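> What follows is a structure written as structure tokens; I'll ask about it next.
The values are calculated or read from the model by the stated rules, or taken from the named source; none is laboratory data. Computed from a predicted structure; not experimentally measured. Here the Cβ positions follow ideal geometry from the backbone for every residue, glycine too, while neighbour counts run over all protein chains shown. We work out accessible area using only protein heavy atoms, side chains counted, and drop any ligands, DNA or RNA first. Shrake-Rupley method; radii C 1.70, N 1.55, O 1.52, S 1.80 Å.
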Amino acid sequence: MIVKKSPAEIEKMAAAGAIHARTMKLVAGKIREGVTTADLDQAVEKYIRSQGAVPSFKGYRGFTGSICASPNAMVVHGIPGPYRLGRGDIISIDIGVTYDGWVADGAVTFPVGPVTPVAEKLLEVTRRSLFDAVEQCRPGNRLGDVSHAVQATVEGEGLSVVRSLVGHGIGRDMHEEPQIPNYGDAGKGPLLEPGMVLAVEPMTTAGRHMVRMGDDGWSIYAQDGSLAAHFEFTIAVTADGPRILTPWHEGEGAL
Ligand code: MG
């Protein structure tokens with residue numbers, strides 16, 4: 001079942017989400033050639049803890065990082081480590097913040113300096129598909145409207161949505177029902193109601209949609225080696241419409 005949150009609970013999630021957004025902006029300021037993903041991880045953990053919050057990913061099923069850092073053909077779940085960002089890379093950063101028992105989840109794919117036209121398009125389209133999905137997170141719509149919005153935008157530009165990885169409901173737990181595929185039929189699936197909170201996360205590639213797991217048992221790559229991108233918001237469905245709880249796109253330092 002889909003756990004609905006009260007307005008007061010959504011405010012608590014928004015407090016976690018505000019820390020999340022500030023953390024993502026901090027990361028944005030550190031993305032440059034030569035920085036390692038371990039450097040980014042350390043900065044994120046330090047900042048989240050300084051806010052009285054906890055990095056949700058750390059220790060999750062044994063994951064060692066506070067962020068997932070996934071360069072180039074890696075789609076998601078990269079373990080932070082010695083990898084040094086190179087000029088022309090793209091790097092997906094996924095962050096979870098737990099504050100006062102509530103979780104906020106979100107991701108951005110960053111360019112490292114100037115990137116190829118293919119990479120630029122992948123980032124622009126994937127980001128746009130997320131905003132298109134946000135628009136569908138309204139009472140009276142169905143979950144399939146959200147999934148379909150991502151798919152229509154991404155495939156409409158000749159790119160692929162990863163089929164085997166999904167978004168999710170979120171609240172006291174990072175992963176709650178429902179699963180949210182990035183493809184599907186408009187008008188199908190559960191009815192969206194005020195109080196539902198969704199982590200919508202388009203994961204895309206510039207090639208085909210199939211993925212493979214890396215040797216570390218965590219990292220997921222585009223099977224054909226093509227570039228991959230990942231953008232994510234935690235979004236509350238409210239009577240007034242969608243409310244982005246992890247607004248890294250707003251305010252000072254907006255991404
Ligand atoms: Mg997520």
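> Please list, or write none, the lysines whose alpha carbon is within less than 23 Å of the alpha carbon of LYS121, excluding same-chain residues fewer than 8 places away.
Qualifying lysines at Cα under 23 Å: LYS25, LYS30.
> What is the calculated FRET efficiency for GLU120 to MET210, with r their C-beta to C-beta distance and R₀ = 22 Å, to the nearest 0.05?
E between GLU120 and MET210, to the nearest 0.05, is 0.40.
> Tell me, what is the per residue accessible area of the chain in Å², probe radius 1.4 Å?
Roughly 41 Å² per residue, with all protein chains present.
> At a 1.4 Å probe radius, carbon and sulfur cover how many percent of the accessible area of the chain?
Here carbon and sulfur together make up 51 percent of the probe-accessible area.
> Counting Lys +1, Arg +1, Asp -1, Glu -1, what net charge surrounds GLY106 among other residues with beta carbon under 9 Å of its beta carbon?
Spelling it out: positives minus negatives among the neighbours equals -4.
> How much of the pair distance distribution for region 172-255 lies past 18 Å, counting alpha-carbon pairs only, in percent?
Tail of the P(r) past 18 Å holds 60 percent of the pairs.
> Looking at the calculated P(r) for the chain, what percent of the C-alpha pair distances fall above 22 Å?
Tail of P(r) above 22 Å: 50 percent of Cα pairs.
> Roughly what % of Cα-Cα distances in region 89-206 sit above 22 Å, to the whole percent?
Value for region 89-206: 35 percent of Cα pairs lie more than 22 Å apart.
> Here's a follow-up. Mind pulling up the Rg/Rh value for region 40-152? Radius of gyration and Kirkwood radius, both on Cα.
My calculation puts Rg/Rh at 1.02.
> Something else: Using Cα springs under 10 Å in a Gaussian network model of the chain, which residue among GLU33, GLU176, GLU45 shows the largest mean-square fluctuation?
GLU33
> Under a cut-off of 22 Å between alpha-carbon atoms, report the lysines in cross-link reach of LYS188, not counting same-chain residues fewer than 8 places apart.
LYS4
> With r defined as the distance between the Cβ atoms of ALA186 and LYS4 and R0 fixed at 22 Å, what FRET efficiency is calculated, to the nearest 0.05?
For R0 = 22 Å, the calculated efficiency reads 0.45.
> Taking the mean number of other Cβ atoms within 10 Å as a proxy for protection, how do you rank 54-67, 93-106 from highest to lowest?
Those peptides, ordered most packed to least, come out 93-106, 54-67.
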